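These notes concern the structure reproduced below.
The values are calculated or read from the model by the stated rules, or taken from the named source; none is laboratory data. Here the structure is a predicted model, which is why all the values come from computation and not from measurement. Please note: Cβ atoms are built from the backbone with ideal geometry, for glycine as well, and neighbour counts cover all protein chains shown. These accessible areas exclude ligands, DNA and RNA; they are computed on the full protein's heavy atoms, side chains included. Shrake-Rupley method; radii C 1.70, N 1.55, O 1.52, S 1.80 Å.
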Amino acid sequence: MSLFFYITWVLVLSSKFYLASAETSDKIGINYGKLGSNLPSSYQSIESIKFLKAGSVKIYDANPEILKLLSGTDLKVSIMVQNHEIIDIASKQKVADQWVHDNVLSFYPETMIRFILVGNEILSQSSEEYKQIWKNLVPAMHRIKKCLNAHNIHNIKVGTPLAMDIFQTTFPPSNGTFRSDISASVMEPLLQFLNRTKSFFFLDVYPYFAWSTNPKTISLDFALLRETNTSYTDPNSGLVYTNLLDQMLDSVIFAMAKLGYSDIRLAISETGWPNAGDFDQIGANIYNAATYNRNLIKKMTSKPALGTPARPGSIIPTFIFSLYDENQKTGPGTERHWGMLHGNGVPIYEIDLSGNRSLSQYRPLPLAHNNVPYKGKVWCVVARSADLLALTSALGYACGQGNGTCDALVPGQRCYQPLSLYWHASYAFSSYWAKFMGKGATCYFNGLAQQTIINPSEF
């Protein structure tokens, strides 16, 4: 028997285990981030989470106010050890003990903490600083788990959320393989820990990104979990896929099996679809966001559980990203538009996380108008709400990057007039963006810039 067919055989057998697993929950969770300048209070936010009928909530720290407010509720809670805390926790048991005392024992069991996530996508960063954190990730998880065991706490699982960039290959799913720089040094010890403690492999998985970078090859319906006749058969495993999410999840299952771990359960720590974005960001709209999240809820709350082709019948704990649009997140426009609610708490679209509302019971959505790439010109200009003092600093930054970014603004050159801070900054932003977007530059400048399809020379 070849290694590949052995792995597939093991996966099929192990899927029977997931049918019998009763510890997991099919109630949808929600990610509650706070990177917004205009967000409702923690109390109002928790009330909104209840109103959306979430079964659990995941926060990106161990905020004591939030944890106290969650006391006595039915919401299961996931808290996080922040990236900068990992090395200290890994180095000394007493640091781990203090962290657990301050962030778990002070609230548990009245607050139903069920997951402690150590770090957030730390393997997506490859600086020397982060490579040191890589080495300390699993040791920190061991120390947290040791402290929980010492207090006879066995219903809190310890894990770490990872992004899809941990993979060398993901397609077809049967080819799923972890990156060579982390496979032996990080992934094997991590999988050993998760397997021994019966925890979950937490994955941040976004079909939007896979589809938006290759919309000519991947069907939008396939990415949105729509029920169509579209399917894909893995040429190696023979498994049939009707949506992109299952493909991405199964690539993880095959990658784990190749390292000898076929029984570790999956959990989705983040998934979702942006409700808006920049002009050049295809498919980021309310229609698609609502469609994806509603179909996701239907899939993950189905009874009996659907699982994936490699693990039929498995329950996959799932957290949707996110509760709010967060206007202080950096990067392209989509980064600030993953919410189900606006920053002021007003719903962007109707959603029921319980899964009890059928798709036909929702009101019609606004039609999508950007499901094909935008082919016109786009400029980067000063945002209407830009602060004057901050604008001066941003102008200096843009012009200070060289490469002739602001040569046209020199006295006597073609764009020196009109002599206006807003005009000069708009030119500098557009020039900088055009020259450096290939290296990851975005039209944001800490909220001082925005895209426009109107030539700024015509303003």
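Couple of notes before you dig in:
- Counting only strands (runs of 3 or more DSSP E) wholly contained in the stretch 126-234, the ones carrying 2 or more residues that are in contact (Cβ under 8 Å) with a residue 40 or more places away in the chain and touching a Ser or Thr at 6+ places or on another chain (Cβ under 6 Å) occupy 157-159, 161-163, 200-204.
- The residues of the stretch 400-429 that are open to solvent by 60 Å² or more (accessible area, probe 1.4 Å), in a helix (DSSP H, G or I) and more than 20 Å from V378 (Cα to Cα) amount to a single one, D407.
- Some residue of the stretch 316-324 being under 19 Å from F51 (Cβ atoms), open to solvent by 20 Å² or more (accessible area, probe 1.4 Å) and assigned to a loop (DSSP other than H, G, I, E, B): no
- Here Y292, Y287 are screened, and the one residue that is open to solvent by less than 10 Å² (accessible area, probe 1.4 Å), in a helix (DSSP H, G or I) and of a type in the set (F, W, Y) is Y292.
- Within the stretch 295-306, the set of residues being touching a helix residue (DSSP H, G or I) at 6+ places or on another chain (Cβ under 8 Å) and open to solvent by less than 10 Å² (accessible area, probe 1.4 Å) comprises L296 only.
Condition check ((1) modelled with pLDDT of 95 or more; (2) open to solvent by 10 Å² or more (accessible area, probe 1.4 Å); (3) of a type outside the set (D, E, K, R); (4) under 30 Å from Y324 (Cα atoms)) across all residues:
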site	(1), (2), (3), (4)
S185	yes, yes, yes, no
P189	yes, yes, yes, no
Q192	yes, yes, yes, no
Y208	yes, no, yes, yes
L220	yes, yes, yes, yes
E227	no, yes, no, yes
G277	yes, yes, yes, yes
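- Hey, D234 modelled with pLDDT of 95 or more, open to solvent by 40 Å² or more (accessible area, probe 1.4 Å) and either closer than 30 Å to W433 by Cβ or of a type in the set (D, E) (or both) or not: no
- Subset of the stretch 433-459 (residues that are closer than 17 Å to A408 by Cα and either among the acidic types (D, E) or open to solvent by less than 30 Å² (accessible area, probe 1.4 Å) (or both)): W433, P456
- Selection from the stretch 33-62 of residues that are in contact (Cβ under 8 Å) with a residue 40 or more places away in the chain, among the charged types (D, E, K, R) and surrounded by fewer than 19 Cβ atoms within 10 Å (Cβ to Cβ): K34, K53
- Verdict on P373 being over 36 Å from the mean Cα position of the chain (by Cα) and part of a loop (DSSP other than H, G, I, E, B): no
- Check on L341, under 20 Å from the mean Cα position of the chain (by Cα), of a type outside the set (S, T, Y) and open to solvent by less than 10 Å² (accessible area, probe 1.4 Å): yes
- Condition check for D387: open to solvent by less than 30 Å² (accessible area, probe 1.4 Å), of a type in the set (D, E, K, R) and out of contact with any His (no Cβ under 7 Å at 6 or more places or on another chain): no
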